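Just below is one structure, and these are the notes that go with it.
The values are calculated or read from the model by the stated rules, or taken from the named source; none is laboratory data. None of the values given here were measured: they were computed from a predicted structure. Don't worry about glycine lacking a Cβ; one is built from the backbone with ideal geometry, like all the others, and counts go over all protein chains shown.
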Ligand SMILES: *[C@@H]1O[C@H](CO)[C@@H](O)[C@H](O)[C@H]1NC(C)=O
Ligand SMILES: *[C@@H]1O[C@H](CO)[C@@H](O)[C@H](O)[C@H]1NC(C)=O
């Protein structure tokens, strides 16, 4: 029952900075279900023995080492001029944290896992894929909603914590079915006896097999030309083949600034010796340095994946009537127009499922060389 105490504590920590531990553990558990047997076997050897090959026990670790490892900026990305719900911008005007953010971190650690760098990159990747699927991690307004006060079930809560843990805890508490094992060893063997196990079964059994069964392939797709992450150091990047011809003219320092998704694409296209001053991170991503077993195309396109998630800030997360002006009465979020709509659309469940299958796809590609997810339940 390793996971229960964390969840029980979640409501006591209303200013938590990331998905509560439960959100991360649910994403990790959904990923676990979708790993190929070869990937699970690899994880048994890479993860610390007490994890027994499971991702959930390491999923919240990156929050615990936030200060020590100074990885704070990797948990979120803030587009300049983004102000939901009035105005949603996602990188069109640049970023407040352009080089190190949750998008570049995901590309970075995917490359490191592909490159056989072991346990720590897997911990970070598991965490940041989770963070990216919490829409408040994709906006800078009021520090991702940490400074935006609301009422939730009659209590004062900031918006970030409502999305990190408030809605999730309520959904888990109110679900009364799926308390007994499903007829699927693939699912049941990924569950560790956590308080959210019924919720995971519900998401998989009704969502993955039903509501979204035709969408899952699309969730994993990446643009053929690489992830079009807007980056001010390399402005007006048109089609990949076009800027490939111009890239040799860039200085070494500009190249170093290229974010990892683009770097990965670049590394595949340009012979290494053609570019002087390649950073080590870039070298690590070059296919000749990637283990023979994992020569699939670079599987992550965090910008492409995050862009529609960010839009949820304007569509559902920030009530239109919220002004943030001091003295205005607090808005209750546990209402039919707000929470009821999220429930009818299964928004929260979809975010957790998307995060889970994307993480599984990245780990499957990196550790077993097989793209996609194991969907045999
Ligand atoms: C990539 O990971 C290394 C740690 O392994 C870190 O020092 C670096 O800042 C990361 N870069 C990005 C863009 O996240
Ligand atoms: C389980 O509970 C959820 C939430 O109340 C409901 O939407 C779903 O239809 C139930 N499923 C079954 C099989 O009873």
| request: Go through 332, 349 for me and flag whichever is under 22 Å from residue 20 (Cβ atoms) and in contact with a strand residue (DSSP E or B) (Cβ under 6 Å, 6 or more places away or on another chain). | output: 332
| Taking interchain pairs and intrachain pairs at least six residues apart, which have beta carbon atoms under 9 angstrom, with the first residue in the stretch 21-34 and at pLDDT below 95 and the second outside any helix (DSSP H, G or I)? | 21/3; 21/59; 21/60
| query | Consider residue 129 against the criteria (1) assigned to a loop (DSSP other than H, G, I, E, B); (2) closer than 17 Å to residue 55 by Cβ: it satisfies all of them except one. Which criterion is unmet? | reply | (1)
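Of all residues in the stretch 50-68, which are in a loop (DSSP other than H, G, I, E, B), within 19 Å of the chain's Cα centre (by Cα) and surrounded by fewer than 19 Cβ atoms within 10 Å (Cβ to Cβ)?
Of the residues in the stretch 50-68, the ones in a loop (DSSP other than H, G, I, E, B) are 52-55, 59-60, 65-68.
Filter once more, so that each one left must be within 19 Å of the chain's Cα centre (by Cα): 54-55, 59-60, 65-66.
65, 66, listed by residue number.
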| query | Do you know which residues across the stretch 174-191 are surrounded by fewer than 17 Cβ atoms within 10 Å (Cβ to Cβ) and away from ligand 2 (no atom under 14 Å from the Cβ)? | reply | 181, 184, 185, 188, 189
| request: Quick one: residue 116 ticks every box in (1) assigned to a loop (DSSP other than H, G, I, E, B); (2) away from ligand 1 (no atom under 16 Å from the Cβ) except a single one, so which number is it? | output: (2)
| Selection from the stretch 79-113 of residues that are within 13 Å of ligand 1 (Cβ to nearest atom), in a loop (DSSP other than H, G, I, E, B) and surrounded by fewer than 24 Cβ atoms within 10 Å (Cβ to Cβ) | 97, 98, 99, 100
| note | Per the list (1) buried (at least 21 other Cβ atoms within 10 Å of the Cβ); (2) touching a strand residue (DSSP E or B) at 6+ places or on another chain (Cβ under 9 Å), residue check on residue 75 breaks on (2)
| said: I'd like to verify a number: residues in the stretch 299-353 that are free of Cβ contacts under 8 Å to residues at least 60 places away in the same chain and closer than 30 Å to residue 366 by Cβ, how many? | reply: 2
| Out of (1) away from ligand 1 (no atom under 16 Å from the Cβ); (2) within 19 Å of the chain's Cα centre (by Cα); (3) surrounded by fewer than 23 Cβ atoms within 10 Å (Cβ to Cβ), what's the single condition that is false for residue 38? | (2)
| query | Which of the helices (runs of 4 or more DSSP H) contained wholly in the stretch 167-223 include at least 3 residues that are within 26 Å of residue 308 (Cα to Cα), under 20 Å from the mean Cα position of the chain (by Cα) and away from ligand 1 (no atom under 16 Å from the Cβ)? | reply | 167-174, 216-220
| field | Filter result (free of Cβ contacts under 8 Å to residues at least 60 places away in the same chain and within 12 Å of ligand 1 (Cβ to nearest atom)) within the stretch 119-148 | value | 120, 121
